[in-house]
Every structure is written in C-alpha cells, then in structure tokens.
Amino acid sequence: MNDLAIKTATRHAVVLLSGGLDSSTALAWAIKQQGWICHTVAFDYGQRHRIELQAAEHVADSFGITDHRVIKVDLRSIGHSALTADIPVPKDDAQSTGVPSTYVPARNLIFLALAAGLAETVQATRLVIGANVVDYSGYPDCRPEFMNAFVRTALLGTKAGSEGGELEIATPLISLKKSEIISLGLQYGLDYALTRSCYDPIADGSPCGHCDSCYFRQQGFAELGLSDPLAYPEH
C-alpha cells in the first residue's frame, strides 16, 4: 500500500470506481479496512467497454454507497487508444512489453483532476484509486511517482489546497499481484460477479477471454485455485 498523506485527513473519501476488479477492490478496502465514508465516481469517457459503467453502479449499490456519480468526458475526441478509437484491442498478447495500445492518453491525470474537484465539493480529503504497477507496468499514469506529483499539483491548484487544506491519494493495490488483490476483495466481502474487466466484451456483455485484462483476471483466480464467477466463451 502507498498512502500519500498531507496532514490529518477527515473520514470522507472519493473513490474512482470503474466497475473493474481493481477499483472495486479498492472501494472494499476503503470501506471495510479504513472505515471511510465513500463517494464513488465513474467516468463515461467513450470507452468501448461501457458495460463497466453498469458494473460500477452495481458494486456501489452492493456496498450501500449513497453518492455514486457518473461524469462524462469525451476522450474519443483525443483518440489514439484501443479503448476509445477504431484500433483493435490486442488479444492473446499479455506478455508484450512497453506501453500497450489500450493506454488512454492522460486518462488518470484527467480522472484524478475531476475527482479532486469533486473532493472539494463533498469535503473529502482522500482520493482512492485502484492503480497497480505489477500487471499493468506499461501504464505511466499508474506509477507511484505520478501519484506523488499529482498530490503536489492538486494542492497548488485547488482552493482547498491554497487555503491549507488536506489531500491524500490512497493506492492500496499499487504493488499487489492480481491474486493478492482478489484475495483482499474476498476478505472484504466483494462479489466479483458484479465486476467487469474485459476491454472488448462481446455483444451480450460477456468477457472476450482474450484481451490482457481478461488474461490477468483469470490468472489471478487460477493462482488462488478459484474459478472466475464470470462466464467466458469457449476457446
């Protein structure tokens, strides 16, 4: 876990909840382990895997969240990502190196900035994000260095920060393997059947079973000797 704390924080937190395995586990951790009062936010950014927005709502409901918001941001206008543009999602290529084509330019930078704005309005002093550098080390906006830099920037660029306010980014999953993340979520009562991880789901919303996200998810459950509760097509 990597908590970037500035002063003593209140109990309110804004959780970036995509509806995927990692962000849902981070929410479970914030509620069950930390006892924080959580406000969740999902982003409708033009992603091809829009089913995650429904999943985020279901996960929030399962934990009794009363303040779940969806913010629309058109990242398709930026493009240059397999998740927002007419670019094929890589399949059966989980061991590739470098920044993958599923990287969405500046996504976490944009999302965290909006979440920081929301934190000001609900008087939250913590942001919680399910960033992870183990399975997705190719994403530059998931690194601890980026999180540290963002905290400093947000404190300089917000009214709350300029008036001596507090801000913290909690990244409880930053250095965990996928199996460790799943184990943590199960410990806190997360129903992974509610989550969605696939980058390129088929027409009925079922996972494709071949993209990087499907690979790491299935591998995580397998390492624990468990079956993923989601149904995958036969290979």
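The values are calculated or read from the model by the stated rules, or taken from the named source; none is laboratory data. Nothing here was measured: the structure is a model prediction, and the numbers come from that model. Neighbour counts run over all protein chains shown; Cβ positions are idealised from the backbone, glycine included.
General remarks:
- Any hit, the stretch 106-117, residues being part of a helix (DSSP H, G or I) and aromatic (Phe, Trp, Tyr): yes
- Criterion (surrounded by fewer than 19 Cβ atoms within 10 Å (Cβ to Cβ) and at negative phi) met by exactly one of 170, 85: 85
- Candidates 44, 22 - the one that is among the acidic types (Asp, Glu), buried (at least 17 other Cβ atoms within 10 Å of the Cβ) and modelled with pLDDT of 95 or more: 22
- Options 204, 200, 191: the member that is surrounded by 16 or more Cβ atoms within 10 Å (Cβ to Cβ) and among the charged types (D, E, K, R): 200
- Subset of the stretch 206-235 (residues that are touching a residue at least 40 places away in the same chain (Cβ under 8 Å), within 19 Å of the chain's Cα centre (by Cα) and within 22 Å of residue 103 (Cα to Cα)): 211, 212, 213, 215, 216, 217, 219, 220
- Any pair with Cβ under 8 angstrom, 6 or more apart, that starts in the stretch 146-162 at a residue that is exposed (fewer than 13 other Cβ atoms within 10 Å of the Cβ) and ends at one that is modelled with pLDDT under 90 and of a type in the set (Gly, Ala, Ser): 156/162; 159/165
- Scope the stretch 216-235; condition surrounded by 15 or more Cβ atoms within 10 Å (Cβ to Cβ) and either outside any loop (DSSP other than H, G, I, E, B) or in contact with a helix residue (DSSP H, G or I) (Cβ under 6 Å, 6 or more places away or on another chain) (or both); matching residues: 216, 217, 218, 219, 220, 221, 228
- Selection of the stretch 45-86 for residues being assigned to a strand (DSSP E or B) and not charged (D, E, K, R) yields 68, 70, 71.
- Residue within the stretch 87-97 that is in contact with a His (Cβ under 6 Å, 6 or more places away or on another chain), in contact (Cβ under 8 Å) with a residue 40 or more places away in the chain and not in a loop (DSSP other than H, G, I, E, B) present: yes
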